[in-house]
Amino acid sequence: PIAEETGLINPIGEWVLKQACLAAKQWRALGHDISVAINLSAVQLHNQNLISHIQTALEAADLQAQHVEVEITETAIMREMELISEQLQNLHKMGLSISLDDFGKGYTSITYLKKFPISTIKIDQSFISGIPDKKNDAIITTALINLAHSLDLEVIAEGVETIEQYNYLLNNDCDIIQGYYISKPLPLEELLKLFAKSKHEKV
């Protein structure tokens, strides 16, 4: 919030874009079929230079746009809809995939699936934490997965921490899981070990 209020989020975000693209290129050069997901704040989305910043980061890393996903939240796209729509359409034309974070948490998320070129939804962890034991959370999670698939969207479950959650999501055709069940955040050296391990076994 402080970075957004002071305007520092733009240079910080530009640096993050460059570093993430360079990392993805390096990891792919090591033989890991990896893409990176980069969160964009509301301030970044409203920055007229966002597209050029992303293009510069891709070119500097010699990385294809298809290996980068940008993550946006519902709150980031609730104002200046025409500008945001144009920004997202341009990102989509560049070849980047766009995911909608914290899906299901707001009131109008489903409308955005029609308005914007979203390719992935991320089910908010407030629902995932309740599965499989809490009936309402389980019903909502399954419904969101089915809704996304009916619209040809990919589904990521956030905050997966237990084998029970993993099995429920697997049995209900969730595409990707994210959370401590896979791994906690890791230093680079440990992350590379995890990548190497994933080549030989299911992680």
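Tabulated values for the structure
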{"read-out": "Counted charge near residue 21, where neighbours are those whose Cβ lies closer than 10 Å (Asp, Glu -1; Lys, Arg +1)", "value": "0"}
{"read-out": "Cut-off under 5 Å, modelled amide H: who pairs with residue 154 long-range", "value": "120, 121"}
{"read-out": "Estimated vicinal HN-Hα couplings, Hz - region 157-171 in sequence order (Karplus 6.51, -1.76, 1.60; Gly, Pro = x)", "value": "9, 8, x, 6, 10, 10, 5, 5, 5, 4, 5, 4, 5, 4, 6"}
{"read-out": "Simple Cβ-charge dipole of the chain, Lys/Arg +1 and Asp/Glu -1, about Cα centre, in debye nearest 20", "value": "280"}
{"read-out": "All-pairs alpha carbon distance profile, region 9-78, 10 Å steps from 0, percent", "value": "21, 52, 22, 4"}
{"read-out": "Loop GluC sites (Glu not before Pro), region 45-123, which have at most 16 other Cβ atoms in a 10 Å radius of their Cβ (DSSP)", "value": "80"}
{"read-out": "Sites residue 184 and residue 86, calculated FRET efficiency, Cβ-Cβ separation with R0 30 Å, nearest 0.05", "value": "0.20"}
{"read-out": "Derived scalar couplings ³J(HN,Hα) [region 141-156; Karplus, 6.51 cos²θ - 1.76 cosθ + 1.60; whole Hz; x for Gly, Pro]", "value": "4, 5, 5, 5, 4, 5, 4, 4, 5, 5, 9, 6, 9, 8, 10, 10"}
{"read-out": "Difference of contour (0.36 nm per residue) and Cα-Cα distance, residue 48 to residue 32", "value": "2.4 nm"}
{"read-out": "Phi-based couplings in Hz for region 2-18 (Karplus 6.51, -1.76, 1.60; Gly and Pro marked x)", "value": "5, 4, 5, 5, 8, x, 5, 4, 5, x, 5, x, 5, 5, 4, 4, 5"}
{"read-out": "Dipole-positive endmost among 140, 121, 111 within region 98-147 (Cβ charges, Cα centre)", "value": "111"}
{"read-out": "Lysine pairs meeting the criterion (Cα under 22 Å, 8 or more apart or interchain), as found in the chain", "value": "23"}
{"read-out": "Extension gain (nm, one decimal) between residue 175 and residue 6, 0.36 nm per residue minus Cα-Cα", "value": "57.1 nm"}
{"read-out": "Accessible surface of the chain [probe 1.4 Å, protein heavy atoms]: carbon and sulfur percent", "value": "52"}
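The values are calculated or read from the model by the stated rules, or taken from the named source; none is laboratory data. On a predicted model such as this, the values are computed, not experimentally measured, just so you know. Here the Cβ is made from the backbone with ideal geometry for all residues, glycine too, and neighbour counts use every protein chain on show. Surface accessibility is based on the protein's heavy atoms, side chains included, excluding ligands, DNA and RNA. Shrake-Rupley method; radii C 1.70, N 1.55, O 1.52, S 1.80 Å.
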